[in-house]
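Encoded as structure tokens, the structure appears first; notes follow it.
The values are calculated or read from the model by the stated rules, or taken from the named source; none is laboratory data. All of these numbers come straight from a predicted model, not from anything done at the bench. Positions of Cβ are generated from backbone atoms using ideal geometry, with glycine treated the same way; all protein chains shown enter the neighbour counts.
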Amino acid sequence: MKAFVAATVLACASLLPFQQAAAKPIEIKFSHVVAENTPKGQMALKFKELAEAALPGQVEVKVYPNSQLFTDSTVLQAMQLGDVEMAAPALSKFQKYTTKLQLFDLPFLFKDIEAVDRFQQSPEGQKLLKSMEGKLLVGLGYLHNGMKQLTANDPIRTPADISGKKYRIMTSDVLQAQFEAVQAIPLKKPFSEVFTLLQTKAIDGQENTWSNIYSKKFFEVQKYATETNHGLLDYMVVTSSEFWYGLPDDVRNKLKVAMDEAIVYGNKIALEKDSEDRQQIIDSGKTEVIKISAEERQQWVEAMKPVWNMFADEIGADLIGAALEANN
Ligand code: LMR
């Protein structure tokens, strides 16, 4: 009898860690660099809400905004190491992992966000989500922010006005070439440093969307914003393939549904914020928004478009062709 009791106690004790492990929710750390009142900030929170509602007690999503956990230059490596599960860096920040996504940085490629959408949903666009699986990263979807504008302390209307000025850029060689094409001086710097660099005048300007210029208060330290819409700032929501494919099928499927829905929500916010935050900047009276003429815009197109040829081989003529097709 004694032996039977001892064996039962032992058996129960050995089961305990597994029961506890099964009861513990899967933790998903979602790290990003922007403020919460942005398309990405709102999308991440919506994902948390939907994922936790679909899988009560089974998953816990912890969102870390404002570069609290990782910057965009460290997050992907951290993801490969299993230190963070989700992030949504700008498409300009994947160059180390694939040259294909450089496509999205080509200046004046897409005529508007609808064209971007058509391309991203096309077979070519969807294939790009899987272009980094060899590097243990898998794309779950694209998220919009919007088109980029140029800010400065001088009124910038034509490429000649930007010559010799120091501009902060994301870590992208295409963006570097784009600014060199107009004789500006591009500096690759993390998003978390941009405000201070502008405030201390270590740089003259930067390129970004209305929502980032507004939410990070760049407009408070820049006198002008020129509405060029010269390039795109969109995101890829990524996760580690080891984490993602290691999830039970039903959990992965429900998380994907939650992510798809959160992205639809984030894209709606992106559209709204693009015009709302532009207006907030105008209303602040701190930054003058400069609208350029069609002739002035054409000067930017002519100066920057030769950059396409420099990267056509790395990106692939087929991809550039498919992107242009989406403009029709
Ligand atoms: C930037 O670095 O300017 C952007 O990528 C920030 C962001 O995530 O929108």
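What are the pairs with Cβ atoms under 6 angstrom where one residue, in region 33-46, is of a type in the set (D, E, K, R) and the other, located anywhere, is assigned to a loop (DSSP other than H, G, I, E, B)? Sequence gap at least six, or different chains.
Close Cβ pairs (under 6 Å, with a partner that is assigned to a loop (DSSP other than H, G, I, E, B)) amount to Glu36/Pro65; Lys40/His32; Lys40/Val34; Lys40/Ala88.
List pairs: first residue in region 49-60 and of a type in the set (D, E, K, R), second residue surrounded by fewer than 15 Cβ atoms within 10 Å (Cβ to Cβ) and outside any helix (DSSP H, G or I) anywhere in the structure, Cβ distance under 6 angstrom, at least six positions apart or on different chains.
Glu60/Pro25; Glu60/Glu27
Within region 205-212, is even one residue more than 12 Å from the ligand (Cβ to nearest atom) and of a type in the set (A, V, I, L, M, F, W, C)?
Scanning region 205-212 turns up no residue that is more than 12 Å from the ligand (Cβ to nearest atom) and of a type in the set (A, V, I, L, M, F, W, C).
For Gly146, all conditions in the list (1) within 21 Å of Ser211 (Cβ to Cβ); (2) out of contact with any helix residue (DSSP H, G or I) (no Cβ under 8 Å at 6 or more places or on another chain) hold save one; what is the number of the exception?
For Gly146, the exception is condition (2).
Looking only at region 79-91, count every residue that is more than 16 Å from the ligand (Cβ to nearest atom) and either of a type in the set (A, V, I, L, M) or in contact with a helix residue (DSSP H, G or I) (Cβ under 6 Å, 6 or more places away or on another chain) (or both) and tell me the total.
2
Is one or more of the residues making up region 178-188 β-branched (Val, Ile, Thr), touching a strand residue (DSSP E or B) at 6+ places or on another chain (Cβ under 7 Å) and buried (at least 21 other Cβ atoms within 10 Å of the Cβ)?
no
Please determine whether any residue of region 161-172 is in a loop (DSSP other than H, G, I, E, B) and without any contact (Cβ under 8 Å) to a residue 40 or more places away in the chain. Talk me through it step by step, then tell me what you get.
Keep residues of region 161-172 that are in a loop (DSSP other than H, G, I, E, B), which gives 163-165, 170-172.
Imposing the further condition that a residue be without any contact (Cβ under 8 Å) to a residue 40 or more places away in the chain reduces the set to 163-164.
For region 161-172, residues in a loop (DSSP other than H, G, I, E, B) and without any contact (Cβ under 8 Å) to a residue 40 or more places away in the chain: present.
Quick check on region 177-188. Is at least one of its residues more than 15 Å from the ligand (Cβ to nearest atom), assigned to a helix (DSSP H, G or I) and within 23 Å of the chain's Cα centre (by Cα)?
Yes, some residue in region 177-188 is more than 15 Å from the ligand (Cβ to nearest atom), assigned to a helix (DSSP H, G or I) and within 23 Å of the chain's Cα centre (by Cα).
Kindly indicate which of Phe119, Phe104, Phe94, Phe110 is farther than 19 Å from Thr38 by Cβ and within 16 Å of the ligand (Cβ to nearest atom).
Among Phe119, Phe104, Phe94, Phe110, only Phe94 is farther than 19 Å from Thr38 by Cβ and within 16 Å of the ligand (Cβ to nearest atom).
A quick yes/no check of all residues on (1) at positive phi; (2) part of a strand (DSSP E or B); (3) of a type in the set (S, T, N, Q); (4) surrounded by fewer than 18 Cβ atoms within 10 Å (Cβ to Cβ):
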| site | (1), (2), (3), (4) |
| --- | --- |
| Phe104 | no, no, no, no |
| Pro107 | no, no, no, no |
| Ala115 | no, no, no, no |
| Gly125 | no, no, no, no |
| Lys130 | no, no, no, yes |
| Gly134 | no, no, no, yes |
| Leu140 | no, yes, no, no |
| Asn145 | no, yes, yes, no |
| Thr151 | no, yes, yes, no |
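How many residues are part of a helix (DSSP H, G or I) and surrounded by 19 or more Cβ atoms within 10 Å (Cβ to Cβ) when one looks only at region 275-296?
3
Any residue at all in region 46-55 that's closer than 13 Å to Val237 by Cα, modelled with pLDDT of 95 or more and not in a loop (DSSP other than H, G, I, E, B)?
Yes, there is a match, as at least one residue in region 46-55 is closer than 13 Å to Val237 by Cα, modelled with pLDDT of 95 or more and not in a loop (DSSP other than H, G, I, E, B).
Determine whether region 59-71 contains at least one residue that is under 12 Å from Val238 (Cα atoms) and of a type in the set (A, V, I, L, M, F, W, C).
No, every residue in region 59-71 fails to be under 12 Å from Val238 (Cα atoms) and of a type in the set (A, V, I, L, M, F, W, C).
Out of the residues in region 132-176 that are among the basic types (Lys, Arg) and under 18 Å from Gln95 (Cβ atoms), state the one that is farthest from the chain's Cα centre (by Cα).
Taking the candidates together, the pick is Lys135.
Mind counting the residues in region 297-328 that are over 30 Å from Lys96 (Cα atoms) and buried (at least 18 other Cβ atoms within 10 Å of the Cβ)?
1
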